[in-house]
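Let me begin by presenting the structure, written as structure tokens, before commenting on it.
The values are calculated or read from the model by the stated rules, or taken from the named source; none is laboratory data. Just so we're clear, the structure is a prediction, and the values are computed from it rather than from any experiment. We place every Cβ from the backbone using ideal geometry, glycine too, and count neighbours over all the protein chains shown. Keep in mind that these areas ignore ligands, DNA and RNA; they rest on the heavy atoms of the full protein, side chains included. Shrake-Rupley method; radii C 1.70, N 1.55, O 1.52, S 1.80 Å.
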There are 2 protein chains.
Amino acid sequence: MSPDQFPIPPQEGEQTTLPRFDEVAPVVKPVEEEDEEENFYGLSDETYSGIIAAVHTGDWLTVEQEVLDLEPSDIADLLEKSSRDDALEMVKHLHGILDSETYTYLGYDRLKKLFAVLSPREIASIIADLNTDDAISLLEDIDEEDRREILRHVNERSRALVEEGLTFPEDSAGRLMQRDVVAIPQFWTVGKALDYLQALGDELPEQLYDLFLVNPRHHVVGQVAIGQLLRAKRGAKISEIADEDPHTVPIDTDQEHVAALFKRSTVTSVPVIDDTERLIGVITVDDIVSVIDEEASEDILRLGGVENDDLAQPALATAWSRFRWLFVNLLTAMLASFVVGQFEAVLEKIVALAVLMPIVAGMGGNAGTQTLTVAVRALATKELSAANYWRVTLKETLVGVMNGSAFAIIMGVVTWLWFHDPRLGMVIGGAMVTNLFFAGLAGTLIPIGLYKMKADPAISAAVFLTTVTDVIGFSSFLGLATIFLVQK
Amino acid sequence: MSPDQFPIPPQEGEQTTLPRFDEVAPVVKPVEEEDEEENFYGLSDETYSGIIAAVHTGDWLTVEQEVLDLEPSDIADLLEKSSRDDALEMVKHLHGILDSETYTYLGYDRLKKLFAVLSPREIASIIADLNTDDAISLLEDIDEEDRREILRHVNERSRALVEEGLTFPEDSAGRLMQRDVVAIPQFWTVGKALDYLQALGDELPEQLYDLFLVNPRHHVVGQVAIGQLLRAKRGAKISEIADEDPHTVPIDTDQEHVAALFKRSTVTSVPVIDDTERLIGVITVDDIVSVIDEEASEDILRLGGVENDDLAQPALATAWSRFRWLFVNLLTAMLASFVVGQFEAVLEKIVALAVLMPIVAGMGGNAGTQTLTVAVRALATKELSAANYWRVTLKETLVGVMNGSAFAIIMGVVTWLWFHDPRLGMVIGGAMVTNLFFAGLAGTLIPIGLYKMKADPAISAAVFLTTVTDVIGFSSFLGLATIFLVQK
């Protein structure tokens, strides 16, 4: 379907001069990419510098004017990127004019700092402005005592909803859902449903995707997209145009599974049901955008050995959170080092081995990381599952042998030319094939194994992998050297 | 707002027995997590095995029945995970009953293989079934000649739209947009707009989020969410309830920027405009879900040294695509090895250095990777920009010194105890601080530098980083050893 299937119908007494699309020459020449394009949406660095300069000179009139022109997410960026003192000053001065939505875009660490300068009553007024799901996400990380103090200033019904929301597991459908869901009895007509929507007036959510049909027990028995409703005849039974077998999501479903549902189908909203299967909320596709982003960030950071990160966190907190992963790495590095120690005799005789050994271990680590990255991502997107474990593992091992052989030849020749010893070249070549073979094997089996044990492959697989590639890299290289290079 | 603000209004002559939400005891006890939960949505491994077994025995009746129960995305999974021969057999037999949407979920490699067994006419019938944006994404990777042959069997107007779509840059707004956008004159009333929607009937898109108000030159001058329209008075001017300054997206905007716009605001659809600012299409939030997922996958894979991956690709193609990155790594590993070679004299005297040196380089690599991962992700999400380059770099360097000092002490003591030489412990400690300091510095400056040079930091930063941490790790450790441990 295309726009020119919607010619604006000429109406009596009105002149519609809108040209139809197909009357327009389809000349679309690409606009030159501008340098400023990287700030296409969001806070430009010039605006940022201007505002910070005004903060420093205490010119709050200018700050206010500038900030009023920004989107809430841009203001959040401003508060996140500026120094802690500047951010606190800004919140103190601007609190009254900031859109409550601003706070929903802030990272946990900065948010906590900024809330510290606001009174419980002021925070409560922010909470009162927001949808239940946003209110809950602002409050979920706050100490219970402070939270209770804040909620004392919120009206009873919002408090009840927020408190109920907080009882649902973190990162579950219950935390994501909006409570403002439009449910109508299954036997209504289209006209009646439309009149009902009109009658709801201000209580109708602005962003409305679907209506849900419910039976007398409040179970979901149908789902109707707004577009379907609008184009149907007023007299038609609504159940006739409804999808009668809609997806439903139990309230404690992990948000990752909810995101998977949206990725794997064309639905724009799904009803959330409690354990008696009653409709209690709705999750819409725009709530899912941030979940998908969040889950991807988590995977990226975890693969890089970072548990969670916040640029606004103080250095000491960051150092400590990363220390643990580095410590585990140190233990595995010491294991590899211990393996090398077993070959002191041959290292003493042939110092070239010490020069070359990092290459074998490093190439194994890199090849293994490639495989690991693919496997972790494929497990996350469900492209890898029991159905193809075996085929993918076989393929990755084969890839390891192929590239292992290629680099064995390259490195064998280089070593021969460098150290004028063909036998040393053969030893490094043999070690290279061996290590890349095991890298491919471990790169798939480790994440699959962790996944089957219900551990997150992104977080721990890399340590195990480098342990394997270091130990096998060093021991195969130095072991082969001991066998073939040392004259008895 | 909450569901119990929508009590179903009792209507004359009808009995609504729907209980109100607040009459329901809010007992929501968490359901036990089941083992099957990992297949909550999607193709279960049992179903998969059952179908493949039926394929192998040629029991196509069973295959058909099973497949008809699956969602298009699940069938795509089935075709993706099965061996190539099984997939080809299935498409040959099932083509007639498969939903065209199925093909939109397939990876490029598998899709190409499967299209090879279908005639141009059969592919054309798939294309004709799809929205323009989906049709374009299926056709964009097909050879031009084959594509032309396929399009010969498509009706003229779809062909024109697809061909026009293909002229827009890949990964641009033009490829993402749907052409079925509902535009109405700015001076209409709410009632008139509603009647118009009703009159459009089947031509109205099912998934409708917003209407766009246009002026006589077809420029976008307002945006109205459907919910706003439905709840407004029929007599009201539509321009009164519209957002009068909506975001618009030029047609050649990169999809990453479009995704950023959706992430940074609460819009559910944005109008796409051509270079004369005329409205020509719309991008909706559900189109963006796959973009966000795609961009995140790309970043994850690139950080892991994988250009692009397809589990269904043959091993040789995968090996070759990864070879290039490994080759670059080999060159940098040889550089590090060359640095070690400069210290042959001290390595010959103290073999313990060869045993310990991988630890210093490895810890630097891991600490640098942590910093790098955070920086690359923050650059992608725009949390890191010129406004805070300096502060983040300083912080990361500080984190490096902190953890460097901690591990200097740990490794110094371990080395002292292991090799009974306090001076060797001091040397490894000094090298550790030095390397982790530079790891923090390089971990931020390298991705920032690449970003400023318009290169993708995800794809090349890791090579540069390990080069730095290897070279500095080996040379500081062996250099300090030469100075402090070798008696002249």
- Which of the peptides B:127-140, A:355-368 is most tightly packed, and how do the rest follow, going by the mean number of other Cβ atoms within 10 Å of each residue? A:355-368, B:127-140
- Note on the structure: Any DSSP H helix in chain A with Cα axial reach of 24 Å or more and mean Kyte-Doolittle score of at least 0.0? Listed by number, the hits are A:285-303, A:315-341, A:352-380, A:389-419, A:422-452, A:457-485
- Mean per-residue count of partner chain Cβ within 10 Å for A:192-199 equals 3
- Message: Taking the Cα centroid of the stretch A:167-191 and of the stretch B:153-199, what is the distance between the two, rounded to the nearest whole Å?
- Response: 31 Å
- Task: With the convex hull built on the Cα atoms of the stretch A:143-288, state its orientation-averaged projected area in nm².
- Result: 9.6 nm²
- Task: May I ask for the Kirkwood hydrodynamic radius of chain B, worked out over all distinct Cα pairs and given in angstroms to one decimal?
- Result: 28.1 Å
- Query: Hey, got the Cα dimensions of the stretch A:348-442 along the principal axes, in Å, largest first?
  - Reply: 50, 19, 16
- One decimal, nm, nearest first: from B:Glu64 to the same residue in each other copy, label points 7 Å out along Cα→Cβ, the values are 7.4
- Taking N as the residue count of the stretch A:240-378, its alpha carbon Rg divided by 2.2 N^0.38 Å gives 1.70
- In whole angstrom, how far apart do the alpha carbon centroids of the stretch B:424-449 and the stretch B:351-380 sit? 8 Å
- Within the accessible area of the stretch A:363-418 (1.4 Å probe), percent carbon and sulfur: 76 percent
- State the Kirkwood hydrodynamic radius of the stretch A:103-164 in Å, one decimal place, computed from all pairs of distinct Cα atoms. 11.4 Å
- Item | Given charges at Cβ of Lys, Arg, Asp, Glu: the protein assembly as shown dipole, positive-most of A:Ser269, A:Val55, B:Phe464 | B:Phe464
- Item | Total accessible surface hidden between A and B, rounded to 100 Å², 1.4 Å probe | 16200 Å²
- Please give the average number of partner chain Cβ atoms lying within 10 Å of the Cβ of each residue in B:359-372, rounded to a whole number. 6
- Item | Loop sites in the stretch A:161-219: GluC sites (Glu not before Pro), DSSP, at most 13 other Cβ within 10 Å | A:Glu170
- Could you order peptides A:53-59, B:369-375, A:228-234 by the average number of other Cβ atoms within 10 Å of their residues, highest first? B:369-375, A:228-234, A:53-59
- Across B:Lys263/B:Lys452; A:Lys81/A:Lys112; A:Lys263/B:Lys263; A:Lys192/A:Lys237; B:Lys263/B:Lys382; A:Lys382/A:Lys454, pairs whose alpha-carbon gap is larger than 21 Å: B:Lys263/B:Lys452
- Task: Over 51 Å, how big is the tail of the calculated P(r) for the protein assembly as shown, in percent of all Cα pairs?
- Result: 26 percent
- Message: Just to be sure I understand the curve: with the Debye formula and one point per C-alpha of the stretch A:192-263, what is log10 I(q)/I(0) at q = 0.17, 0.20 Å⁻¹?
- Response: -0.78, -1.01
- Message: Report for chain A the percent antiparallel among DSSP-assigned beta bridges with both residues inside it, nearest 5.
- Response: 75 percent
- Checking the stretch A:289-385 for GluC sites (Glu not before Pro) in a loop per DSSP with at most 13 other beta-carbon atoms within 10 Å yields A:Glu307
- Please average, across the residues of A:313-320, the number of beta carbons from any other chain that are within 10 Å of each residue's own beta carbon, and give a whole number. 6
- Where the eigenvalues come from the Cα gyration tensor of the stretch B:32-159, what are the semi-axes √(5λ) of the equivalent ellipsoid, largest first, in whole Å? 29, 16, 12
- 7 Å along Cα→Cβ, label-point gaps from A:Phe327 to other copies, nm, shortest first: 4.3
- Query: Looking at A:Val399, A:Leu166, A:Leu138, which one has the Cα that reaches farthest to the positive end of the dipole of chain A (charges on Cβ: Lys, Arg +1; Asp, Glu -1)?
  - Reply: A:Val399
- If we hang a label 7 Å off Cα along the beta carbon direction at A:Asp143, how far is it from the matching labels on the other copies, in nm, shortest first? 7.0
- Taking the Cα centre of the stretch B:269-335 as the origin and placing charges on Cβ (Lys, Arg +1; Asp, Glu -1), which of B:Trp320, B:Ala333, B:Gly305 is farthest toward the positive end of the dipole? B:Ala333
- Message: Once you place label points 7 Å from the Cα toward the Cβ at A:Asp59 and B:Phe327, how far apart are they in nm?
- Response: 5.6 nm
